[in-house]
Every structure is written in C-alpha cells, then in structure tokens.
Amino acid sequence: MFEQYPFDLGYEGTIWRPPSEAKSLIIQATVGCSWNACTFCGNYRDRKFRVKSLDEIKRSIKLAKMLYGSYVRRVFLADGNALVMPTDLMIEVLDLLKKEFPMLERVSCYGGPRDSLGKSLSELKELYEHGLKLVYLGVESGDDVVLKKVNKGVNSSQMIEACRKIIDSGIKLSVTVILGLGGRERSHQHAVETARVLNAIDPQYLAPLTLMIVPGTPLHREYLKGAFKPLTPLETLIELKTMIERLELTNCIFRCNHASNYLAIGGTLPDDKEDMVELLSKVIEKISSRPELEKKMLRPEYLRAL
Ligand code: SF4
C-alpha cells in the first residue's frame, strides 16, 4: 500500500524491516540497534543508538496520518530492537497510533533477547494490550558455542527465556535463524542445537536466512584471515534438512524464502515437515550426484541479498 518512503517521516539512516512488513507504515521509534555488537551484522554500524523522543515520534505519526489517513492497518516500529524502549513511552506511542489510525490491526517491531529479558512479563502483557501484536527476534543459533562466537549477548537458555516470555505475554513471535552461522566447524551442532532451542521456544513464525558475510563486520575480518570457513550451498541445504528433521513445533508458519536463501521452501509445521524433508533430500541427492545441477536448482550467489 505504501510507496517506499515518498515523504520525509523523519527517518535517519537506512531503514531495515522484515519482508512481511513491506506494506506496513514504518514509524522510526529508535535509531540504530540497542545491542549493535553481533559479529555478522552490519545493519546499524554507521549510527549510534538512541530512542527517539515522544515529540519526534509524534511528528512522524501526525505526518503519516495526513498522508495515509484511516487506511493504515499495520505499523512497524523501526529500528533495531524498538522493544528496548521504556515501556511507558512505548505505551504512549501505541495509544497514539490507535487514536490516529482507527483501522489499525497490528503494530510490530524488532526485539533483541536482552530487550525482552529487560522487561517483566506484566510489562510485555501491557504492551500487548495496548496493541503490540508481533515481535521479530533473531535467535540466529541454538548452539552456545556459536552464540558466544557471534557475540549475541545471551546463551541458549536466556534465548529460550526471552522468547517464551514474549509468547506468554500474548504477543506473537517471529524468529529468524541463520544457516551457516557456525561455519563448517560447527555446522552439525548448529543445526541440532538450533532445532532444540526452537522446539523449546515453539514460535508462531520461523524464517531461516542464509549467512552472507558482510564487509566491514568482525566476521568478515575472520573470514579474510581464514579463521571462519563458510558452508557451500550444498552444505547449507544439508544443515537445513538436519534442522527441520529435528523440529517438533506445534503450529508454526515456516518461511525459508528470504533473498539470502539458496532454495525457497515453506509450509506449516508440523503438517508439511515430511514433504519439506523429502524435497530437500531429493535436491541434495541430485546435486551430490551431478554438481553441475547446482547452478540450475539453487539461487545463484549474485542474486542473494539481505
Ligand atoms: S543482528 Fe540484530 S541485535 Fe545483532 S547487531 Fe544486528 S540488529 Fe542488532
């Protein structure tokens, strides 16, 4: 519905948003990322984190109302980890959004695990009651060795606690994991442990991305030194298959169609699990026996993006 930022709504820097928020109104409530220290991430390295003032956010909302009126049904609060906002401020923003956009159905934002751990369950419940319906959170890996290496800021138990707290509050949770994040050294453990953590979280939405090594990040420097060995596309599919085989989720929309992925698959778990594993097995078998098919069957490197 919304053209990509035709008017100045007060955005600072590049705005990142989940693919599923492509049609949402984006209100920037924070600038940068509240953690900004994951070794693989280059999204917000160019800016210092701050929470915008209520006045700044109000100005953006008022202007958006003049432009879009009552048509706004979905709002995404940017930037990285708007969930870190003080609860009182976020409630004021959510109430204002509801007042200005009477047709509003959903407000969502990014949240880091530490942001969730920093709030009580009752605070999260309050946010839900005031309109925060969905949080996107990067689990990245369930392997404690990988989580430490990439400096995610939490271990797997804390990750589970942070995610369960969001779900228990009523807010829906959409998580991403990153295929290949453990490199060749940790690939199997990364897949097995990530499935374990996902099973404990039991999210409503799950989206695996595939690692892209971003220049300027600590991970890129490790890669240049030869200390990090990335997976081949085929190894990435094997990792994905290993992970899906072990997933025991109760009701999850699974989308592996992000632009970084070599193969787009998706479905609902647990119903489509067997079909997805079978499809992956066939593709892995074909490419293993005839490597020249990789070019035809998988997204080429130059078309991958974040
Ligand atoms: S991955 Fe997420 S939490 Fe980590 S630095 Fe990037 S935006 Fe921040």
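Kindly list, by first and then second residue, each pair from a residue in the stretch 192-210 that is within 23 Å of P233 (Cα to Cα) to a residue that is among the polar types (S, T, N, Q), limited to pairs with Cβ atoms under 6 Å and residues at least 6 apart or on different chains.
Sorted first by the residue in the stretch 192-210, then by its partner, the pairs are T194/S141; A207/T176; L209/T176; L209/S260; T210/T236; T210/S260; T210/N261.
Going through the stretch 33-78 one residue at a time, which ones are away from the ligand (no atom under 16 Å from the Cβ) and among the acidic types (D, E)? Quick ask: steps written out before the conclusion?
Start the filter on the stretch 33-78 by keeping residues that are away from the ligand (no atom under 16 Å from the Cβ), which leaves 52-75.
Scanning the stretch 33-78 gives D55, E56.
Can you report the number of residues in the stretch 38-48 which are at pLDDT below 95 and over 15 Å from the mean Cα position of the chain (by Cα)?
Total meeting the criteria: 4.
Is it fair to say K23 is part of a loop (DSSP other than H, G, I, E, B), modelled with pLDDT of 90 or more and more than 16 Å from the ligand (Cβ to nearest atom)?
Considered against the rule, which asks whether it is part of a loop (DSSP other than H, G, I, E, B), modelled with pLDDT of 90 or more and more than 16 Å from the ligand (Cβ to nearest atom), K23 comes out as yes.
Of the residues L280, L249, L263, which single one is assigned to a helix (DSSP H, G or I) and over 22 Å from G42 (Cβ atoms)?
Details: L249 fails: assigned to a helix (DSSP H, G or I); L263 fails: assigned to a helix (DSSP H, G or I).
Criteria check complete, one pass: L280.
Can you list the helices (runs of 4 or more DSSP H) found entirely within the stretch 131-232 that contain at least 1 residues being under 22 Å from K273 (Cα atoms)? Walk me through how you get there before you give the answer.
Details: elements: 144-149, 156-168, 183-201, 218-225.
Because the criterion is at least 1 residues that are under 22 Å from K273 (Cα atoms), the helices (runs of 4 or more DSSP H) in the stretch 131-232 that meet it are 183-201.
Might you let me know whether the stretch 160-169 holds any residue that is surrounded by 20 or more Cβ atoms within 10 Å (Cβ to Cβ), in contact with a Pro (Cβ under 6 Å, 6 or more places away or on another chain), more than 21 Å from L306 (Cβ to Cβ) and small (G, A, S)?
Yes, because at least one residue in the stretch 160-169 is surrounded by 20 or more Cβ atoms within 10 Å (Cβ to Cβ), in contact with a Pro (Cβ under 6 Å, 6 or more places away or on another chain), more than 21 Å from L306 (Cβ to Cβ) and small (G, A, S).
If you check V93, V107, which single one turns out to be assigned to a strand (DSSP E or B), of a type in the set (V, I, T) and under 23 Å from the mean Cα position of the chain (by Cα)?
Within the list V93, V107, the selection yields V107.
Go through the stretch 177-209 and count every residue that is crowded, with 24+ Cβ neighbours inside 10 Å and among the polar types (S, T, N, Q).
Selection size over the stretch 177-209: 1.
Taking the stretch 79-118 as the region of interest, how many residues are among the charged types (D, E, K, R), out of contact with any helix residue (DSSP H, G or I) (no Cβ under 9 Å at 6 or more places or on another chain) and within 12 Å of the ligand (Cβ to nearest atom)?
1
Which residues, counting only those in the stretch 76-105, are touching a residue at least 40 places away in the same chain (Cβ under 8 Å) and of a type outside the set (A, V, I, L, M, F, W, C)?
D79, G80, N81, T87
Please work out if L83 is surrounded by fewer than 22 Cβ atoms within 10 Å (Cβ to Cβ), touching a Ser or Thr at 6+ places or on another chain (Cβ under 7 Å) and hydrophobic (A, V, I, L, M, F, W, C). Show your work before the answer.
Details: surrounded by fewer than 22 Cβ atoms within 10 Å (Cβ to Cβ): no; touching a Ser or Thr at 6+ places or on another chain (Cβ under 7 Å): yes; hydrophobic (A, V, I, L, M, F, W, C): yes.
No.
Looking only at the stretch 258-298, count how many residues are within 21 Å of P18 (Cα to Cα) and free of Cβ contacts under 8 Å to residues at least 40 places away in the same chain. Don't jump to the end; show me each part of the working.
Going residue by residue through the stretch 258-298, those that are within 21 Å of P18 (Cα to Cα) are 258-269.
Among the residues that remain, those that are also free of Cβ contacts under 8 Å to residues at least 40 places away in the same chain are: 263-268.
Looking only at that region, the number is 6.
Given (1) closer than 19 Å to L147 by Cβ; (2) touching a residue at least 60 places away in the same chain (Cβ under 8 Å); (3) among the small types (G, A, S), where does G216 come up short, assuming only one miss?
Answer for G216: the failing condition is (1).
In this structure, is N261 within 20 Å of the chain's Cα centre (by Cα) and exposed (fewer than 13 other Cβ atoms within 10 Å of the Cβ)?
Values: within 20 Å of the chain's Cα centre (by Cα): yes; exposed (fewer than 13 other Cβ atoms within 10 Å of the Cβ): no.
Considered against the rule, which asks whether it is within 20 Å of the chain's Cα centre (by Cα) and exposed (fewer than 13 other Cβ atoms within 10 Å of the Cβ), N261 comes out as no.
If you go through the stretch 131-154 one residue at a time, how many are more than 15 Å from the ligand (Cβ to nearest atom), farther than 28 Å from L263 by Cα and surrounded by fewer than 23 Cβ atoms within 10 Å (Cβ to Cβ)?
Taking the stretch 131-154 first, the residues more than 15 Å from the ligand (Cβ to nearest atom) are 131-134, 142-145.
Filter once more, so that each one left must be farther than 28 Å from L263 by Cα: 131-133.
With the extra rule that they be surrounded by fewer than 23 Cβ atoms within 10 Å (Cβ to Cβ), the set shrinks to 131, 133.
Result for the stretch 131-154: 2.
The values are calculated or read from the model by the stated rules, or taken from the named source; none is laboratory data. In this text, all values refer to a predicted model and were calculated from it rather than measured experimentally. Cβ sites come from the backbone with ideal geometry, for glycine too, and all protein chains shown count toward neighbours.
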